[in-house]
Amino acid sequence: MLGDYLTALLVAVLGYIYPVYLCFKALEKHKRKPEALRGWCIYWVVIALYTVGAQIADRFVFWLPMYCEAKVAFVTYLWHPRTQGALYIYDTFVAPFLAKHEPDIDRRIDETRASVGDVVVRNSRGAVDFVRNKMANLLLSVPQANGDGRGSEARYMGARNATEAAATAYTRVPPKPRSD
């Protein structure tokens, strides 16, 4: 029996890497024939559904004998030219299901987009308010000018070391009286 790591490697190579290369070759050889790429589009739709299904199935049926081997065989079945499994699965199951439920799926996608947009707008306003408040608090905590027209850095320019400069930077120096 194949182990989890060997199965994952074989599925990656046979289900993704090798088909990517074959898809690349089809793209480069058939640049003017989009119908030649239909098979690869179908493959990627089916492999995406397989990936989601495998994530779920791995949690529940991993204990079945030959489960790992079946996964490797299935991804090979999907792209192999003799079996054209992805085309069969798409034409038999995927396309009829999606065609039947397309209006409902589109409606749900539109509803989700709208609700996600509302959440993003609502939370972005809250984030802007949060940043604005934090910046205002930060600016209020910055040492003020010492009253002689020079910034606070003038107070600690004559410091003998960094500790003395830091200590004087955060102490309030009373403003000097103006002589008008």
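What follows draws every value from the coordinates through simple rules; no lab data is involved. Model, not experiment: these values are computed from the prediction. Neighbour counts are summed over all protein chains in view; Cβ atoms, including those assigned to glycine, are modelled from backbone coordinates with ideal geometry.
Worth pointing out:
- Counting all C-alpha pairs of segment 4-83, share separated by more than 21 Å (%): 32
- Per-residue 3J(HN,Hα) values for segment 19-31, derived from phi via the Karplus relation 6.51 cos²θ - 1.76 cosθ + 1.60 with θ = phi - 60°, read x, 4, 5, 5, 5, 4, 4, 5, 4, 6, 7, 10, 4 Hz in sequence order (x marks Gly and Pro).
- Modelled FRET efficiency - R0 30 Å, D118 with C41, Cβ distances, 0.05 increments: 0.35
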